[in-house]
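Enquirer: Supplied in structure tokens, the structure appears directly below.
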Amino acid sequence: MGVAEPFPGPAGRPHGPVMDRDEVDRALARLGAEHEAVETSLLALQDHAGRRLLEGAELTGVTKDRWATAEQQITLLWGYFDAYTAALNGIRELRARRRWSSREDLAELTERLRGRSVTVASQAAHTSPGITGPARLSEQFTLEELVARMNDLYAASLNVVVTADAVWSALPARIDLLSAELRRTRSLAHSVGVRPGEHPSGDELESITEELSTLRAQVVSDPLAFWRPGPGSAAPGGGRPDTDRYDRAARALEDVRREIEAVLQVRQDSEERLMRLRDVLSRADRTLAEARAARGEVLAKIAASEVPAVSGPPTALQERLATAAEHRRHARWSRLSPLLESLEREADEELMRARESLTAVTAPLAVRAELRGRLDAYKAKVARQGSAEDPVLIERYDAARRMLWSAPCDLRAAEQAVLRYQQAAAEALAQRHDGPESGPTDRRGDS
């Protein structure tokens, strides 16, 4: 029987007829095998690595309390085993008196094998009430009852030993590996200027360091506090180590490690990113300059039009760009990283605003260009239909053209003039298609 299995119970039977010699011999053979298995299990428990660690550790909390109880249980267990051994030896001696046991001997052997013939003295009987009830001067057991009691004590004490050993085997080693990774990350963070008090990731690394140190000390002194029972947890090993705090620390370290890698990446590509930033801001500046020039042209060429104002060059961004370049020169990578990210976002937004400003400023010129194109397109259409010499069309075309090619141009009036020309052209084309039978139409009233 291995150390993780409870004792097998004896094959006892209720009191009944006196056993014959063969039955007694078979029972003694079973008891002898059982005694050997019990002794093997007890010695394995005595030599279990978890038990030795519990005996040598400075325990606290729930582990301290449960191990104190388990030690009492183990002491009591050995007392029961000694009583069991003595009872078995007594039965063997009685059987060995005669080769052919008398009926009186067989009756006594039957009583010892099946009756409450085992007396446990008060020293072995003493234990906590939760296990065997109130302490007594002595207790009487059948061999079957004694083994059942040893089973309970063995399972309870083994559960404490196995659970503590499982936690100690799992968590401290993992914490040590994570602590080694933490030390490497801290060294790398220090090399790029990520330090406590200067960068949030530096503060987070300090917090993780403190948490791992505290967690390891608590796991070593109170392993049972880090056991999460599972279904059927009454059996040894019924559950798993509670790794929630370790897992949170591991995730936090992974987050910091990614941030440090981002800072390292900044160190590698910062020059290229700074060059791109200068290019974007330069394009934004040129676009704004173009918008300012276009605004002056619009104000000079377009009348009765509201032209939005154009902002000045992005000097604040240029100053922050100079600060970023300074950070790079002095290898302040942890400061450069967030500054570059915000600058890249704001520079792209600035270029977009500059383009929108140019579009808004030049909108009147675009409207004028669209009206000019529409006027010329209708004139070409009229010419193809042979109505180019129509005096009404000539008059309305000249009026619209003077408005569109004069400065300042009144866009609203010019648009109305273009519409009047379109209407006249449409009427002329329709009359031409209908033929001369339709009669002349006076279109001058529309002018």
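The values are calculated or read from the model by the stated rules, or taken from the named source; none is laboratory data. What you see is a predicted model; the values in this text were computed from it and never measured. Because the Cβ atoms are built from the backbone with ideal geometry, glycine has one as well, and the counts that use them run over all protein chains shown.
Enquirer: Could you check A170 against (1) under 22 Å from R245 (Cα atoms); (2) modelled with pLDDT under 85 and say which number it fails?
Expert: (2)
Enquirer: Any residue in segment 342-366 that is under 15 Å from L288 (Cβ atoms) and touching a residue at least 24 places away in the same chain (Cβ under 8 Å) sitting within a Cβ distance under 8 Å of a residue that is polar (S, T, N, Q) and crowded, with 17+ Cβ neighbours inside 10 Å? List the pairs, counting only those 6 or more apart or interchain.
Expert: L351/T287; A354/T287; R355/T287; S357/T287; L358/T287
Enquirer: Taking the stated definitions as given, is L336 under 22 Å from E259 (Cα atoms), buried (at least 17 other Cβ atoms within 10 Å of the Cβ) and among the hydrophobic types (A, V, I, L, M, F, W, C)?
Expert: Judged against the criteria, L336 is a match.
Enquirer: Do you know which residues across segment 80-120 are modelled with pLDDT under 85, among the hydrophobic types (A, V, I, L, M, F, W, C) and exposed (fewer than 15 other Cβ atoms within 10 Å of the Cβ)?
Expert: Scanning segment 80-120 gives A96, W100, A107.
Enquirer: Among the residues of segment 417-429, is there at least one that is of a type in the set (K, R), modelled with pLDDT of 85 or more and more than 60 Å from the chain's Cα centre (by Cα)?
Expert: Yes, some residue in segment 417-429 is of a type in the set (K, R), modelled with pLDDT of 85 or more and more than 60 Å from the chain's Cα centre (by Cα).
Enquirer: Of S357, S387, S406, which residue is surrounded by 13 or more Cβ atoms within 10 Å (Cβ to Cβ) and outside any helix (DSSP H, G or I)?
Expert: Of the residues listed, the single one that is surrounded by 13 or more Cβ atoms within 10 Å (Cβ to Cβ) and outside any helix (DSSP H, G or I) is S387.
Enquirer: Looking at segment 277-303 only, could you name the residues that are closer than 19 Å to L343 by Cα and either surrounded by fewer than 16 Cβ atoms within 10 Å (Cβ to Cβ) or among the hydrophobic types (A, V, I, L, M, F, W, C) (or both)?
Expert: L277, R278, D279, V280, L281, S282, R283, A284, R286, L288, listed by residue number.
Enquirer: May I ask you to list pairs of residues, at least six apart or on different chains, whose Cβ atoms are under 6 Å apart, with the first in segment 282-307 being free of Cβ contacts under 8 Å to residues at least 40 places away in the same chain and the second being in a helix (DSSP H, G or I)?
Expert: Listed by first residue and then by second, the contacts come to nothing, as the list is empty.
Enquirer: Could I ask something else about it? Have a look at R273, R278, R320, R228 and point out the one that is farther than 30 Å from E415 by Cβ and part of a strand (DSSP E or B).
Expert: Matching residue, one of R273, R278, R320, R228: R228.
Enquirer: Hey, another quick one. Have a look at E271, E306, E319 and point out the one that is at pLDDT below 85, surrounded by fewer than 15 Cβ atoms within 10 Å (Cβ to Cβ) and under 23 Å from E344 (Cα atoms).
Expert: E271
Listed here are the residues, each with its yes/no results for (1) in contact with a His (Cβ under 7 Å, 6 or more places away or on another chain); (2) of a type in the set (A, V, I, L, M, F, W, C); (3) free of Cβ contacts under 8 Å to residues at least 60 places away in the same chain.
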{"site": "D152", "(1), (2), (3)": "no, no, yes"}
{"site": "T163", "(1), (2), (3)": "no, no, no"}
{"site": "A173", "(1), (2), (3)": "no, yes, yes"}
{"site": "D176", "(1), (2), (3)": "no, no, yes"}
{"site": "R183", "(1), (2), (3)": "no, no, yes"}
{"site": "S187", "(1), (2), (3)": "no, no, yes"}
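Enquirer: A follow-up question, please. Considering only segment 191-216, state which residues are without any contact (Cβ under 8 Å) to a residue 24 or more places away in the chain and more than 25 Å from the chain's Cα centre (by Cα).
Expert: S191, G197
Enquirer: Can you find even one residue in segment 192-208 that is modelled with pLDDT of 95 or more, farther than 18 Å from E341 by Cα, surrounded by 17 or more Cβ atoms within 10 Å (Cβ to Cβ) and not aromatic (F, W, Y)?
Expert: Yes, segment 192-208 contains a residue that is modelled with pLDDT of 95 or more, farther than 18 Å from E341 by Cα, surrounded by 17 or more Cβ atoms within 10 Å (Cβ to Cβ) and not aromatic (F, W, Y).
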